[in-house]
1. Restricted to region 1-16, and to residues that are closer than 21 Å to Asp70 by Cα and not polar (S, T, N, Q), which residue is most open to solvent (accessible area, probe 1.4 Å)?
2. Report yes if Phe19 is open to solvent by 80 Å² or more (accessible area, probe 1.4 Å) and of a type in the set (A, V, I, L, M, F, W, C), otherwise no.
3. Identify, from the list Gly40, Gly51, the residue that is under 26 Å from Tyr1 (Cβ atoms), open to solvent by less than 20 Å² (accessible area, probe 1.4 Å) and in contact with a Lys or Arg (Cβ under 7 Å, 6 or more places away or on another chain).
4. Across region 75-104, which residue is surrounded by the most Cβ atoms within 10 Å (Cβ to Cβ) among those that are of a type in the set (D, E, K, R) and under 27 Å from Arg64 (Cβ atoms)?
5. What are the residues in region 22-37 that are open to solvent by less than 20 Å² (accessible area, probe 1.4 Å) and either β-branched (Val, Ile, Thr) or over 22 Å from Leu77 (Cα atoms) (or both), if any?
6. Return yes when Val101 is modelled with pLDDT of 95 or more, of a type in the set (A, V, I, L, M, F, W, C) and within 11 Å of the chain's Cα centre (by Cα) and no when it is not.
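The values are calculated or read from the model by the stated rules, or taken from the named source; none is laboratory data. These numbers come from a predicted model, not from an experiment. Here the Cβ is made from the backbone with ideal geometry for all residues, glycine too, and neighbour counts use every protein chain on show. Remember, those area values only see protein heavy atoms, side chains included, never the ligands or the DNA or RNA. Shrake-Rupley method; radii C 1.70, N 1.55, O 1.52, S 1.80 Å.
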Amino acid sequence: YNFIPVCAVNDLGNGERIFLEIDQLPIVVFNIAGEFFAIGDLCSHDEGPLGDGEVEGYEIHCQRHGARFDIRSGKVLAFPAVIDIPNYPVRIVEDQIEVGVPEL
């Protein structure tokens, strides 16, 4: 993976999310109870935006058709989606959140 710094840890408060585009990949990064997660910002059901959906625990609900995904892994949790979404590794380096994207 190629790790890209995206923001300072203090800039992403508990329960907040930020939207990014890295190497033309739409990504959303979440802070859930002090843990950071990054997933693709496209629902695998219809490729609509996902990151603005309601978050309950570690689940995100697609606002368009109700599909649900696990923010920690990208795994599908509910129809109509049947394909997992990408998830990306996140690490903290010197108080910076870094997201790993596959090397080209």
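1. The first filter runs over region 1-16 and keeps only residues closer than 21 Å to Asp70 by Cα, leaving 12-16.
Still in the list and also not polar (S, T, N, Q): 12-13, 15-16.
Numbers: Leu12: 2, Gly13: 26, Gly15: 58, Glu16: 90 Å².
Per the stated criteria, the residue is Glu16.
2. On the way: open to solvent by 80 Å² or more (accessible area, probe 1.4 Å): yes; of a type in the set (A, V, I, L, M, F, W, C): yes.
Taking the combined requirement at face value, the residue satisfies it.
3. Details: Gly40 fails: in contact with a Lys or Arg (Cβ under 7 Å, 6 or more places away or on another chain).
Answer to the selection: Gly51.
4. The first filter runs over region 75-104 and keeps only residues of a type in the set (D, E, K, R), leaving 75, 84, 91, 94-95, 98, 103.
Then drop every residue that is not under 27 Å from Arg64 (Cβ atoms), which leaves 75, 84.
Details: Lys75: 12, Asp84: 16.
Checking each candidate, the answer is Asp84.
5. Ile22, Ile27, Val28, Val29 - these are the residues of region 22-37 that are open to solvent by less than 20 Å² (accessible area, probe 1.4 Å) and either β-branched (Val, Ile, Thr) or over 22 Å from Leu77 (Cα atoms) (or both).
6. Details: modelled with pLDDT of 95 or more: yes; of a type in the set (A, V, I, L, M, F, W, C): yes; within 11 Å of the chain's Cα centre (by Cα): no.
The answer is no for Val101.
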